[in-house]
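Worksheet: the structure to be examined is printed underneath.
The values are calculated or read from the model by the stated rules, or taken from the named source; none is laboratory data. This structure is a prediction, so every number in the text was calculated from the model and none was measured. Ideal geometry is used to build each Cβ from the backbone, glycine not excepted, and the neighbour counts take in all protein chains shown. Areas reflect the complete protein model, heavy atoms only, side chains present, ligands, DNA and RNA absent. Shrake-Rupley method; radii C 1.70, N 1.55, O 1.52, S 1.80 Å.
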Amino acid sequence: MALKDVIRRNRKRLGVSVDEFARLMNVGRATVCRWEAGTADPRVKNLMDMSECFGVTETELLHPREENEDSKNVP
């Protein structure tokens, strides 16, 4: 899953709008839109803040487990 999709999915899971998330992240609305469109990547500080906001580690944010990953390991 691409980072843009992870950001959008987690923002929606929190139940916040793009504007609300931008305020939480202390960035502009356009920045969040670019992250979710995949035309810009968050800076390291933003990734750290995002992982805290979403309640996941930076590794989980950057390398999310696919929902069907567990089924791939079943013989």
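Data for the structure
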| item | result |
| --- | --- |
| Answer residue from region 14-55, given it is free of Cβ contacts under 8 Å to residues at least 24 places away in the same chain, among the charged types (D, E, K, R) and open to solvent by 90 Å² or more (accessible area, probe 1.4 Å) and is nearest to E66 (Cα to Cα) among those | E52 |
| Those helices (runs of 4 or more DSSP H) lying entirely in region 24-75 with at least 1 residues at pLDDT below 90 and among the acidic types (D, E) | 69-72 |
